[in-house]
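Data block below; observations after.
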């Protein structure tokens, strides 16, 4: 009688089933695709605001009002945006008008004076950034993430979103 070498087909199938179950339960913990996507969209909105601010500042400089602490400027034939020191003010309506982001997809919270907290609809509460208008002549607007526990972070991480 010969001695059997190797695995039987049943043993291989059982091992594959066990590995499949482990992959289905463990993979979502290691691959946070939704968090990565939310952080990417937040960075996209931040970039849209920065780009809009660049264009608005250019228009303000051409009009000679970049040193004014409070005025408005026309960004197209029908839309005016309030500016402070050449940059978009921290007001929901001005940000939406300048960037054309959808207020149905984004939450722009003005509950704190002088800043707008921007987050995606349905996102966890730690998934946001704060826009603050320029505070003075020659100063830039700021984009911060000020959750006290996570103050070392400059922007939300995928695990926050």
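May I ask you to verify whether residue 90 is at negative phi, part of a loop (DSSP other than H, G, I, E, B), surrounded by 19 or more Cβ atoms within 10 Å (Cβ to Cβ) and under 18 Å from the mean Cα position of the chain (by Cα)? Give the steps one after another, and end with the answer.
Numbers: at negative phi: yes; part of a loop (DSSP other than H, G, I, E, B): yes; surrounded by 19 or more Cβ atoms within 10 Å (Cβ to Cβ): yes; under 18 Å from the mean Cα position of the chain (by Cα): yes.
It is true that residue 90 is at negative phi, part of a loop (DSSP other than H, G, I, E, B), surrounded by 19 or more Cβ atoms within 10 Å (Cβ to Cβ) and under 18 Å from the mean Cα position of the chain (by Cα).
Given the criterion within 42 Å of the chain's Cα centre (by Cα) and part of a helix (DSSP H, G or I), identify the matching residue among 24, 14. Break it down stepwise before answering.
Working: 14 fails: within 42 Å of the chain's Cα centre (by Cα).
Matching residue, one of 24, 14: 24.
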Give me a count of the residues in the stretch 42-62 that are surrounded by fewer than 14 Cβ atoms within 10 Å (Cβ to Cβ) and in contact with a strand residue (DSSP E or B) (Cβ under 7 Å, 6 or more places away or on another chain).
0
Can you tell me which residue is surrounded by the fewest Cβ atoms within 10 Å (Cβ to Cβ) among those in the stretch 63-82 that are in contact with a helix residue (DSSP H, G or I) (Cβ under 6 Å, 6 or more places away or on another chain) and closer than 24 Å to residue 144 by Cα?
82
Looking only at the stretch 102-118, count every residue that is free of Cβ contacts under 8 Å to residues at least 60 places away in the same chain and assigned to a strand (DSSP E or B) and tell me the total.
6
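Read-outs: derived from the displayed coordinates by stated rules, not from any lab. Everything quoted here is computed from the prediction, not taken from an experiment. Because the Cβ atoms are built from the backbone with ideal geometry, glycine has one as well, and the counts that use them run over all protein chains shown.
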